[in-house]
Each structure stands twice: as C-alpha cells, then as structure tokens.
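Undergrad: Starting off with a structure, shown below.
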Protein chains: 2
Amino acid sequence: MYNSKVKALLVMAIMATTTILKAEENGLNLMPQPAEISVGQGRLAIDGTFRVALAGYQEPRLQDAATRLIERLSRQTGIPLSDQVETDPAKATLVIQCDHAGEIIQSINEDESYSLEVTPQQARLAAPTPVGALRGIETFLQLVHVDSQGFAAPTVRINDRPRFAWRGLMIDACRHWMPMDVIKRNLDGMAAVKLNVFHWHLSENQGFRVESKVFPKLQEMGSDGHYYTQRQVKEIIAYARDRGIRVIPEFDMPGHSTAWFVGYPELASAPGPYTIERHWGVFDPAMDPTNEKVYTFLDKLIGEMAALFPDEYFHIGGDEVNGKQWNSNPSIQAYMREHGMKSNDDLQTYFSTRVQALVKKHGKKTIGWDEVLHPGVPKDIVVQSWRGQESLAVAARQGYMGILSNGYYIDLMHPASQHYVVDPLEGATAGLTAEEKARILGGEATMWSEYVTPENVDSRIWPRTAAIAERFWSPESVKDVDSMYRRLAVESRRLEWLGLTHRSYYPMMLERLAGEQSAQNLKFLADIVEPVKGYARGRARDYTSLTAYNRLVDAARPESDAARTFASLVDDWANNKTQIKRQLTAWRDNNADLVPLMQPNALLQEDVPLAQDVSALATTGLEALDYLESGKPAPQAWVAEQSALLDRAAQPRAELLIMIVTPIRKLVEMAAQGKP
Amino acid sequence: MYNSKVKALLVMAIMATTTILKAEENGLNLMPQPAEISVGQGRLAIDGTFRVALAGYQEPRLQDAATRLIERLSRQTGIPLSDQVETDPAKATLVIQCDHAGEIIQSINEDESYSLEVTPQQARLAAPTPVGALRGIETFLQLVHVDSQGFAAPTVRINDRPRFAWRGLMIDACRHWMPMDVIKRNLDGMAAVKLNVFHWHLSENQGFRVESKVFPKLQEMGSDGHYYTQRQVKEIIAYARDRGIRVIPEFDMPGHSTAWFVGYPELASAPGPYTIERHWGVFDPAMDPTNEKVYTFLDKLIGEMAALFPDEYFHIGGDEVNGKQWNSNPSIQAYMREHGMKSNDDLQTYFSTRVQALVKKHGKKTIGWDEVLHPGVPKDIVVQSWRGQESLAVAARQGYMGILSNGYYIDLMHPASQHYVVDPLEGATAGLTAEEKARILGGEATMWSEYVTPENVDSRIWPRTAAIAERFWSPESVKDVDSMYRRLAVESRRLEWLGLTHRSYYPMMLERLAGEQSAQNLKFLADIVEPVKGYARGRARDYTSLTAYNRLVDAARPESDAARTFASLVDDWANNKTQIKRQLTAWRDNNADLVPLMQPNALLQEDVPLAQDVSALATTGLEALDYLESGKPAPQAWVAEQSALLDRAAQPRAELLIMIVTPIRKLVEMAAQGKP
C-alpha cells in the first residue's frame, strides 16, 4: 500500500513552493481548464523508467486505461516504455487510486471528479470512480511537456470536476456515412477533452444506418450497404464506455425518415415507392401518425434498439416536419378533424406522445429536439434545443431538463471564439432559479454531415470542439478567448497523436488539388481562406450525397489561424512592421507560381479570382503601410479604389471567404486617417 | 463479351494520333517506367460513373484487386464511386482481361507482363496472369491525374514486363519490432512500385520474432512479447499474395542468434545464461556447429517454418560470425582438428552445408548472404550479396544465381540518386555471358532497423525505394536522374494515399520536438539537414534498443529536397537571383525565432550550432551574391573566412549534416573568381 505519511509530506512539500493561481492564469496548456489548480516549482521527470500502478478499487476498464496511458505517453514523447502495469505503487511514477466502482450504466449522476498531485517524486491521481480516473489521466497526459532537462510534468495540485453533467458531441452518420474508425477516433478525441455523451444520429432521409434484425429492410434497402451491424454497435458502445462516454442513439421521427420508407413504404403518409434521398434539405416524407401499424412497427423497433443501446436515454428526433404529406392525405385530414386536432403541430404532438409512451414501455427516457416539448409531456424527458436558451428557460420553468445545441453547430464553420462564448446558462437561462438552472444539464456540439466526408470530418470537429468542451467542463469564469486560442493550438497538436486526422487531412487534400505539382503555393492561399458560414454553402449549388467533396472549400479549414495571427499583428501595427511587410510580400508574390498551376486544373480554376484578390489585397496592404510610415494621410482616390477592392474581396467566391480582408481594411482605414 | 472489332478500331484510332516515345520521355509520371509506351492526344474521363469489369479468367484475388482499385481511385480523386464490380464489360470504364491462373506458389518464373490501352472511350488492361493484371492496375492508377476538365487518364498504349524477376525489399523486424500495420502498408507500397519479394528478417540477437509451436521459448523468452503469431504470419502471406508479392523468411544462423539462446542456451557455443541483446553490432554468440543437437533442433524448426511459409526459398542468413565463441571452446577446437577444419570459415561451411541439407529435406531451396557460397553448394541456391557485383559475378560463373543488395542499403541514408545508378548488371557482372547474366535475378533494398522505429521507418524506405524498384523493373536504358527525381516526387505523394506515413510522420515528429510551440521555424531548419551517412551514426553514441529515437536526426529525412532544389538554383545562378536571395534571407532570419525555442528544450539544444551555422551560411551566400553582382572578385580575406565557416559547417553535429554547404561553397568560389 501507498504510504500515507509520505503522501502527507509530499503534499506539504508542494504547498511550500506553490502559488495558487486562477485556472486561466496557470501558464499550463490544459484544456479544459480544471476547477482548481495550484502550480509549484518542481518537475517530475518522465523518462524510460516511467511506470503506472493501480491502487484501491480495480476493474478491467482501469487496467486498459493504464495500458493506453502508457502507449500514448510513449507515442507523445517517443520514449520506449514498458507496457506492464506496475504492481507496487512505491515503484510507480504515477499511482492511480480509485475508490469504488462507478455506475453500471453511466448516467448524468456519475461522479467524474478526481484530484491529481504531482511532486518531483511521484504523481498521484485519486478518484472516487473509474470515470473520474479517466478524466484525471487525460489531465496528466496534458501536463507532460519537454523542458531543458527532458520530458516532465510540473509540480501541481489539481482538484477537478465538471460544471455540467451532459457534455456531448453529435455525429450525423447518415447524410454521409461515417465508418467505424471515424467514430472510434472521435471518441478518443472526446475523451481527451472530457466530453461524456456521444449522440449518434443514425437515421435520416439519406440513410438508415443501423442493422435491425426485426425489420432488416431498413438497412438492406435504406443504407446503400453502409450501416453498423449490431456487433459493431456493441463494439462502439464498449469502446465509448472504456472512455467514460455514454452513447445515445437518435432515430429521427416522424420526419427525416425517407430511408425507412424505401423498405417500408406503408409507414409513410403518402404512397410509395420511395428511394433513398440524395439531396440535402427538409423533405416531405413523414410517418403517418394516424396509422396504428406505425406504432406497432415502432414498438418492435424501439424495443429492439432499446435493448441494443444501454443508455437510459433514447433520442426520437422530432425536428423539421414540413407537413406536406399530412396536408395532402385526406384520410389523415379526416382523422385530425375527428379527433379535434387543429394543426399539424397537434398531430405531431399526438405522434410524439405515442412514441414517448413506447420509449417508456421499453424502459427508456426520451430525449428529442425542441419540438418534442408540449403540454403533458412527462417530466423526465430531456429537450435538446436547436432554438436557444429561451426554449430551455421555458422548459426549465415547467420542470423539464434541457441541453443546449444552439450555438454549438460546428458544421456551420464559425470560429471557435464564437462557440466558446456561448453558455448554456446565459441570456434567458441566466435568470432562472437555482433549482431551475439545475435542469440545464449541459450541451452538445452537432456535426451535421451534408458537407463533410470521412476524409475531412475530423477537421470540422477538431480542434473547435475542444473549446466547446471547455465551456461545458470548466468553471463559468474560464472565458478568456486569447488563452483559449493559445491552449487550443497545443491541444490540436496533441489530438493528432490520438489518430485524429484534422491536421493530416490538410496536406493530403491540398496535394490532390495541386495534381502532380507541389502544393506549397496552394497551401499559402488555402491557409487564409475559410468556407462560407452558416447555411450559405447549401444555397450555392445543388449538392447531393454523390457530389465529390474534393474542392478547395472542402480542404480549407473552418478557421484560419494564419489570418487571425495576421489580424493581431495589424492590431499592434507599429511594433510588427517587419513581420507584416514580410507576410504581405509573400502573399503578393505567391501568385506568380500559383495561378499557372490553377488555370489548367479543373478543380482549382474557380479559385483563381481568390488568388488574384489575395495578391491585390497584399499590394494594398503594402501601400497602406507606406502611407502610414510617411505620416501623411493616403489620397482619397487611392482610398476609394481600395475600398472597392475590399468590398469585392469580401464577397464569397467558390464558396470561400478571404479572411485577411478585415485586417487589410483596417490598414487602409488607418492610412486614410494618416495615423494608426 | 467485349467486342473485338470495336477494340481493333479503337487501337487504330490511338495509333493515328500517337507518337512513340522513349519511356523516359513520355511526359507522364509513371514509376517504374514501363518497357514500351506510346502516348496519344486524347483523354479518358474519370468521374462518378467510373466502373471496372473483369473479363476472361477469374479468381477472388482479381475481384479483391478490382475492389481495391475502386477504393483507391475514389480516395485519390475524392470522387464517390460505386464499389460494385461491373459485370458487363461494355459498360465499364476499365476492363481487366486476364488469360489464365498464375502459379499456385508465385516463383521467379511467374509471368508479370501486361498490356494497357487507354482510349477516350475505355481502358483495357490485358494480362496472361492475375499478377500481371495487378502490375497493370498500378500503372493505370498512376495514369490518373487532374487536367482542365477534371480527372482523366491519357490516351496511351503500354506493353510492360519486368527486367528482373526478383525485386525485393527486406525489412528487419528484429532490432526494432515492426507491428503488423507497418508490414501491411509497406506491402502496399511495394505493390505500387511493382516489387515482388518481401524478405522478412525474423531472427536476430535482439529478437526472435515469429511464433514457434515446436520451440515456444524462442518467442516467449526471446522477443519481449513482440512476435508475429503463426496466424499473423499467414495473414501477411495472404496479404502479400493478394498483391503479387512473395514472402521469404530469414532465420539468421549461426551468428546473429543471441535471442534464440535465451530460451535454448544449449544451442550456443558457450554456456549461458543469455539475455536478449540490447545493443547494436556484431556479437560473439553463435550456434555450435559441432553439436548434433543443434541439427536436431534446426531440423524441427526448419520443418515447422518451411510448412508455414509457402515460398520455395528459405533464407538462412549466414553473415557476420566473429568466431570468438568457437575459438574459446576447447571441444569445438578439438572437433575441428579431428575433422581437418583449418579455419572458422571451414567450420561455418560445414554448418552451412548441414543446414542447407535440412532446408532441402523440407522441400525448400536456400538463399543466404555471400557467406553461404562455398565449394560444393548445390546449384539451386541463391546468393544475396551485401558485398557487391564482384561476388555475384564469381557466383554466376560457377553456375549460382544471385541477387544484389550492395548499393541498396537504404538504412545508410544515401540519396535516391546514389541507389538509382547501381545496376545488378554493371561492373563485374557486365562482362558475364548472357547465360551467366541470366543468373543475376535482381536485387533487394534492405531496411536494417537499428535506427528506425515504426514511427519513422516508412520515411527511410520511401520514396527512395521507388527509385530502386524502377532500377529492377524498367529497361536498363531508363536512367535519367532528373527524370527520376521529378517522377519520384509525384510517386511519393501518391504513396501516402496508400497509408504509408513517410510524409505525415514528419510534422508529427517536428511538433513533438518543438514541444508546445509551433514547429514552423524548426521545419525550416529540418528541411535542409540530413542524418549522417553510412555507419557514422553507430559510432556517434552508444545506442540500444531502449534508446528514445525522438531527436532531430530521427525526424530529418534521408534526403533533403529543399537542399537539392537550392543547389540546382545555384547551378543556374544568373537566372535565379531573386529566388536564391529570397531563400537565403529566409534562412538567415529564421534563427531569430528558432534559437529561443531550441535553447530551453532538452531535445533541441544539441541542434543550436546547426541553426547558427545555417544562418551564417545564408549570410555568406548573400554576401557572395553581392560580390558576384558587383562583377569584382571577393577579397581574399573574406574568402578565407568563409572557407573556415564552410569547413566547420560541413562537419556533422548532433549526427546531422547541413546540406546547403555545397551550394554555398559554390557561390563563394564563384565570388572569389569574380565570375560564375
């Protein structure tokens, strides 16, 4: 057993040299920031003698976690390490002490807290449950870095626990099929930033993605052969549980369900036949709420899926029914009149109530999008809000639990900073009573997959989701955007060691675009463009599931670090003249080699105007600098000319935005005034 | 059936617009170059309608190959493709016509030839055997590129066959353990460049890497748990066969065998106990050739392994016995005197003869390093020469077959150009008769693994091995080094789509080195350094299998493209002034951000002198340019000063070489003369 006297001495030793810091000022690159941390002066060396020991409560999940920790540490440092877990805690570099078993089925009540003490002699992680230990292991790995003596973890004392109990990521595996390895590596990423709910969007107009043994035509006719077998589902659930992550399946009803009708047209509100939807959008097909056979079917299917997925919650979707099939079906209309339903909302409420009863019958609680909330719904449901805090506040006052997704739609290509400042407990929810606030369980980032493929999906999830994960885990006071970006850059690199491809996809896609040429000049352009935001991309072309997503807009990252860095240089213009000039010159001159590469290339031709505008903007920037240095205001004619260029360059082309327009405009404005 | 009249018309249509070109001048980026090629004017579009059909002889290997082709084409282009093989050749974009089954156990006699015709309407690949079809598929994939209309294959007519029957890559899985995925992805790479022998180095002082059921202590005590199970061996053999690659196991005897003796010390020539060797080099332990029990043991083991590996050849190693254990064992000395053996060579010959008889008994032919050749050896052995063409010529004159490895030691970090110009039929072998020349079967690149780990091993194999593969496959006349480098750059990018990590490892290792900072400045330095050459690294430190191979020398690529490109700019100095200056300025200024990053970093401190010298060299280069532009010779004092710098900078530091020393020296020499 670990000697508690030694422990007490070590703790005192730390405290003697420790300064208590606010989480956001600790100087370490932790993400999410822990609830409480004190940083000391010493270091615990990490070298080839590194050993892990387990103490206290034991289970296979902890053994596996220890082995994974060793493998990851070896990979991150490049140091060969023995993969044997040490049996004697006194000989271990890291002791993981777990108190007792966690929940058999992890729920919102699972204790995820842990404490971590690092002294120059040893690191000690203590947690009530294995899930808490998993969270602490991630923190420990984030502490390891290289210093002047080698790899080390700093002397530190951490007490940590999550702010919200529900910290999720939704992946839409329907619009684009996401193979097993995509799901697994993203579960690794989730665990690394302490997310704990994987919401698996499994049915859509474009595909029914899970094997049903009861209704096999669902996957056989509704998936193009791309579905998870029940064995694979179990594999993912076990993989997630090993990482302290719950898995919640979503079967979206009564809309978003065309793929169901390919095999079972009798469920729909209009006669078939149906084919798998290839386009994106909201479509007419919807289940017929007035058909008893629909409920018989759903009873069996929900029963089968409720047995397959152990989580206490079952997601029934419920969003975006346009009602057209209902409106044009006379028998549905007659039914509505007979039963006093005045609107399609009433009809959907009826459907939703029936389905929720089935979910309950099979031992589960319901989660659904905003639409599932209506008078009389049982209090144990969870509302997932795509609408916003106002919806959640209304629900919480009525006694309903909710999670926020509005503000966390990562498919919309907004910057991390935009998601980061969204808080489940702000705006309409900020005024709730403490009791009502407790009903706001957390939030979920949503990765809708119209415009992503397995090749680039990681880049749309990471690293931005790490910033959202910090919002869900860390104290409310952790909200410094600069600190977030500094730590996000480090975390992004760390996530690649897990096998995520959000960085490695980029040179590959750029090289494909560059054809048989070097992609170096293209990268220079790609680094400062971003895909159009929000729903603009869907309006640009008639995209389908058969489209090749291999253009620059698909390669470009959602957020340009290069442009953000440049903007911050411009903000402190006077101190960064040389760097700004060097950068602008490089952008100006990049075209000479780039445009000849792009013109004969079918994939890149559309991007030539962007390349030309970047060059022109760089020239403008250089001229602005000259005026600024001259101390005299730039001539009005010049300013007018540049404004026209800036306005043009601010327009999306090829569904891309040039992200240096704003800082260049700032330079022009300063030049126009003749002073910064 | 495919309409042969249509075919004839198409062929005529091609010929009408075709220019027959020498392979090396075809303008396409094929590697290896095919034996004969004519290029036309048209293009075959590759889009979402792409389909493959199989015609003629069919087997599962062809079906799998067709499916893999579709997957790879989809990945390379980013275009979603149906993974169904088309049944109607008339509807296919590519028809693969195979004539008959190949050998059940692929041998040096397998027919690997194929022909490939691409017209604007269809591509048609014809091959006598499935292995020929596999070779043609790789050529087809290399033809696909992006042009102004989209992806396409050019109109082309190819007749192709290998120059040498034995085109191998050896991977040492002993000194550093190489997991299954390393082997598989390298088999993919081998197939892509038409290599056909995977030589698997499976036993060494540092590890016995394959499961023996007869003598389980071999792997249980001699491998640290890192060995291939027999099931895994079969998996690799099947994987290789699917790609037209033979698998030849090597069990190195009587030296290089410490790991055997950990479990079976009675085989050795000195009493044990033995432990797994951790250092690199040639060590004393060797089997006892005078002990009958050794042959009883080897009879059973060779029997077991001969049944496991289907190839007709079995590699018994035989290299580098230092003889110390034999010299100091009185009973061995007595035996030698008794049997009239005058030297250790005689003793090894005796051992070798006995082992070859066992190999033959179990139905196999022997392959071994030079040392296995001695008077009286049966004519069906193959000599693998680490010594050179002279060895092979001697052997061939005596009627022995041979393959060349001298010149293809890719672990020694020499440039592709150096390996590329080595020909199995040059020097001593050039003077052989045609009949003797036919005994030179080909060659093998050898990846010894002292200084590589699974993390960087691909970068030591690829892309340089593609150049060696071209030497083995293409006509002797294909030897233009510039053309090779141009095509190698393209092939290197293509190889990454197969899952090889020879490019993606690089940013990862640099980012580890840079710690929590950006690796951008470090990359700039890393791009122009190379690891020391030959056996210099082994002399620099006391390396072991427990060393962390995570330094800049481990990240740096064997060959610096940036330095080679810069050297070619300097060769045409007058036309590249701007580019040279820009490059030199960037190198000069890189230190400002780089050195502060390196100094407090234990992994990078040793590289500070390199960074400083690069900056100084760049300054020298800029000054030289100024002198050159002035038209007057540089002062003698300046020249002397620069020479001192150049001499210092040419010395290895941290086991690295700065590769821009030579072109900078050239600039200085030109400046000294006052003219280029």
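What follows draws every value from the coordinates through simple rules; no lab data is involved. Not measured: the values here are computed from a predicted model. Quick reminder, even Gly has a Cβ in these numbers, built from the backbone with ideal geometry, and neighbours come from all protein chains shown.
Undergrad: From the Cα gyration tensor of segment B:17-176, with a ≥ b ≥ c the square roots of its eigenvalues, which class applies: rounded if a/c is under 1.5, or else prolate if a/b is larger than b/c, or else oblate?
TA: rounded
Undergrad: Moving to a separate point now. Peptide A:68-81: average number of partner chain Cβ atoms within 10 Å per residue?
TA: Partner Cβ neighbours, averaged per residue: 3.
Undergrad: So, with +1 on the Cβ of K and R and -1 on the Cβ of D and E, and no other charges, what is the size of the charge dipole of chain A about its Cα centre, to the nearest 20 debye?
TA: Computed about the Cα centre, the dipole is about 840 debye.
Undergrad: Above 18 Å lies some portion of the pair distances; for segment A:629-676, what is it as a whole percent of all C-alpha pairs?
TA: For segment A:629-676, the share of Cα pairs beyond 18 Å comes to 33 percent.
Undergrad: Say each of A:Q605 and A:R161 gets a label point 7 Å from the Cα, pointing the same way as Cα to Cβ; how far apart are those two points in nm?
TA: Rounded to a tenth, the inter-label distance reads 6.3 nm.
Undergrad: Can you give me the distance in nm between label points at A:M180 and A:K234, each placed 7 Å from the Cα along the Cα-to-Cβ direction?
TA: About 1.3 nm, to one decimal.
Undergrad: Then there's this: What FRET efficiency, computed as 1/(1 + (r/R0)^6) with R0 = 22 Å and r the Cβ-Cβ distance, is obtained for A:D299 and A:Q333, rounded to the nearest 0.05?
TA: About 0.30, to the nearest 0.05.
Undergrad: Count neighbours as other Cβ atoms within 10 Å of each site's Cβ, and list the chymotrypsin sites (Phe, Trp or Tyr not before Pro) in segment A:570-642 that are DSSP loop with at most 14 such neighbours.
TA: For chymotrypsin sites (Phe, Trp or Tyr not before Pro) across segment A:570-642 that sit outside H, G, I, E and B with at most 14 neighbouring Cβ atoms in 10 Å, the list is empty.
Undergrad: How high is the relative contact order of segment A:97-219, in percent, with contacts defined as C-alpha pairs under 8 Å that are six or more residues apart?
TA: 21
Undergrad: Closest to the B-onto-A rotation axis, which residue of chain B has its Cβ, and how many Å off the axis is it?
TA: B:S504, 3
Undergrad: How high is the relative contact order of segment B:337-491, in percent, with contacts defined as C-alpha pairs under 8 Å that are six or more residues apart?
TA: Computed value for segment B:337-491: 18 percent relative contact order.
Undergrad: First measure r as the distance between the Cβ atoms of A:D647 and B:A489, then evaluate 1/(1 + (r/R0)^6) with R0 = 51 Å and state the FRET efficiency to the nearest 0.05.
TA: About 0.80, to the nearest 0.05.
Undergrad: Something else now. Taking each residue in B:506-518, count the Cβ atoms of any other chain within 10 Å of its Cβ, then average. What number comes out?
TA: 5
Undergrad: Let me ask something additional. Filter the GluC sites (Glu not before Pro) in segment A:294-342 down to the DSSP loop ones having no more than 15 other Cβ atoms within 10 Å, then list what survives.
TA: Here the sparse-neighbourhood loop sites are A:E320.
Undergrad: Would you mind computing Rg(Cα) / (2.2 N^0.38 Å) for segment B:172-246, counting N as its residues?
TA: Cα Rg divided by the expected 2.2 N^0.38 Å: 1.12.
Undergrad: What is the distance in Å between the Cα centres of segment A:438-459 and segment B:420-483?
TA: Their Cα centres are 49 Å away from one another.
Undergrad: Given A:K194/A:K479; B:K632/B:K666; A:K523/A:K666; B:K523/B:K666; A:K194/A:K234, which pairs have Cα atoms separated by over 20 Å?
TA: A:K523/A:K666; B:K523/B:K666; A:K194/A:K234
Undergrad: Rounded to the nearest 20 Debye, what is the dipole magnitude of segment A:462-517 about its Cα centre when Lys and Arg each give +1 and Asp and Glu each give -1 at the C-beta?
TA: That gives a dipole near 80 debye.
Undergrad: Along the Cα-to-C-beta direction of B:A101, a point sits 7 Å from the Cα; which residues of segment B:62-80 have their amide N less than 11 Å from that point?
TA: Flagged as within label range: none.
Undergrad: Still on this structure, please answer the following. Given the C-alpha centroids of segment B:184-216 and segment A:572-636, what is the distance between them in whole angstrom?
TA: 53
Undergrad: Further question on the same structure: Per-residue ellipticity at 222 nm for chain B, helices alone: DSSP H runs ≥ 4 residues times -39500 (n - 2.57), over residue total, nearest 500 deg cm²/dmol?
TA: Calculated mean residue ellipticity at 222 nm is -13000 deg cm²/dmol.
Undergrad: Report the equivalent ellipsoid semi-axes for segment B:268-348 in whole Å, largest first, defined as the square roots of five times the eigenvalues of the gyration tensor built from alpha carbon atoms.
TA: In descending order, the three semi-axes are 24, 18, 13 Å.
Undergrad: How shielded is B:138-151 by partner chains, expressed as the average number of their Cβ atoms within 10 Å of its Cβ atoms?
TA: That works out to 3 on average.
Undergrad: Mind checking segment B:374-466 for GluC sites (Glu not before Pro) that DSSP puts in a loop (not H, G, I, E or B) and that have at most 16 other Cβ atoms within 10 Å?
TA: Of the GluC sites (Glu not before Pro), the ones in loops of segment B:374-466 whose Cβ has at most 16 other Cβ atoms within 10 Å are B:E426.
Undergrad: Assuming a viscosity of 1.002 mPa s and a temperature of 20 °C, what translational diffusion coefficient in µm² per second does Stokes-Einstein assign to the protein assembly as shown, Rh being the Kirkwood radius over Cα pairs?
TA: This corresponds to a translational diffusion coefficient of 62 µm²/s.
Undergrad: Let me ask something else about it. What nm distances, shortest first, do you get from the label point of B:K365 to those in the other copies when the point sits 7 angstrom along Cα to Cβ?
TA: Relative to the other copies, B:K365 has label-point distances of 7.3 nm.
Undergrad: For chain B, what does the equivalent ellipsoid look like in terms of its semi-axes, each the square root of 5 times an eigenvalue of the Cα gyration tensor, given largest first in whole Å?
TA: Semi-axis lengths for chain B are 42, 38, 23 Å.
Undergrad: Could you give the alpha-carbon Rg of segment A:416-546 over 2.2 N^0.38 Å, rounded to two decimals?
TA: So the Cα radius of gyration is 1.30 times the expected 2.2 N^0.38 Å.
Undergrad: Assign one of three labels to segment B:509-583, namely rounded, prolate or oblate, based on the Cα gyration tensor with a ≥ b ≥ c the square roots of its eigenvalues; rounded applies when a/c is under 1.5, prolate when it is not and a/b is larger than b/c, and oblate otherwise.
TA: In terms of gyration-tensor shape, oblate.
Undergrad: Every other copy gets compared here: list the nm distances from the B:T229 label point (7 Å along Cα to Cβ) to its counterparts, shortest first, one decimal.
TA: Shortest to longest, the spacings are 1.8 nm.
Undergrad: Cα centroid distance between segment A:331-384 and segment B:283-334, in Å?
TA: Their Cα centres are 78 Å away from one another.
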